[in-house]
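Structure first, commentary second.
The values are calculated or read from the model by the stated rules, or taken from the named source; none is laboratory data. Not measured: the values here are computed from a predicted model. All Cβ positions, even for glycine, are placed from backbone atoms using ideal geometry, and neighbour counts span all protein chains on display. Heavy atoms of the whole protein, side chains included, go into the accessibility calculation; ligands, DNA and RNA do not. Shrake-Rupley method; radii C 1.70, N 1.55, O 1.52, S 1.80 Å.
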Amino acid sequence: MAVYIGRPPIWVPIPAEQARRLRTLGGWFAMLTGSAAVVLAVLVVLLGGQLVTRYDVLVPFVYIFALTMDVFLAMTGFLVLNPWRHLRGEQIELLLVQRSRQLLGLHWGMMFVFAFFLTFFLLGLLQTELRRGGQMDGWDWLFVAVAYLPVLLQGVAFFVGRRLYPRPNI
């Protein structure tokens, strides 16, 4: 006997073609999003070693916020958009779809918060470097581009995920 905390799941039958489309398109998109997050996290670590002020106290904060954005993107890909969580045969679970749609918005909103703090610490690094007489080179700008790419990918995941999983009528 299953014990539910809150509302029990609501499984609703869907057409076989829609279930197949969700499994293929949703599965590929979820895997690509999660894999891109892992690759971006590796690139953040590798390119972060090239930061202009490696011995500055702000560098760990830059790493923390850049990697946290990659973690949120990976969670979106591997957990929120995963069609195997939402489907059972040719049935879809409506409450989980509703929660997933909400999480897509929450994750994208959190990305903007982390991007704001990342910008704050990157500007601090830039100010410190300019005071020392240095300048930003190509590796630093590549790090900045890779660090902010999860915000763009999360936006794509938001719109594609909400298109894949239409609003449930509960």
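With the requirement that a residue be touching a residue at least 40 places away in the same chain (Cβ under 8 Å), open to solvent by 60 Å² or more (accessible area, probe 1.4 Å) and part of a helix (DSSP H, G or I), what does segment 109-147 give you?
Residues satisfying the conditions are Phe117, Trp139, Leu142.
Out of curiosity, is Gly89 exposed (fewer than 13 other Cβ atoms within 10 Å of the Cβ), modelled with pLDDT under 85 and either out of contact with any strand residue (DSSP E or B) (no Cβ under 7 Å at 6 or more places or on another chain) or of a type in the set (Asp, Glu) (or both)?
no
Yes or no: segment 98-106 includes at least one residue that is outside any helix (DSSP H, G or I) and closer than 25 Å to Gly26 by Cβ.
Let us first name the residues in segment 98-106 that are outside any helix (DSSP H, G or I), namely none.
Taking every residue of segment 98-106 in turn, none turns out to be outside any helix (DSSP H, G or I) and closer than 25 Å to Gly26 by Cβ.
Quick grid of which residues meet (1) within 21 Å of Val146 (Cβ to Cβ); (2) open to solvent by 80 Å² or more (accessible area, probe 1.4 Å); (3) in a loop (DSSP other than H, G, I, E, B); (4) in contact with a Cys (Cβ under 9 Å, 6 or more places away or on another chain):
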residue	(1), (2), (3), (4)
Gly6	no, no, yes, no
Pro9	no, no, yes, no
Ala19	no, no, no, no
Trp28	no, yes, no, no
Ala36	yes, no, no, no
Ala41	yes, no, no, no
Phe65	yes, no, no, no
Met75	yes, no, no, no
Trp84	no, yes, no, no
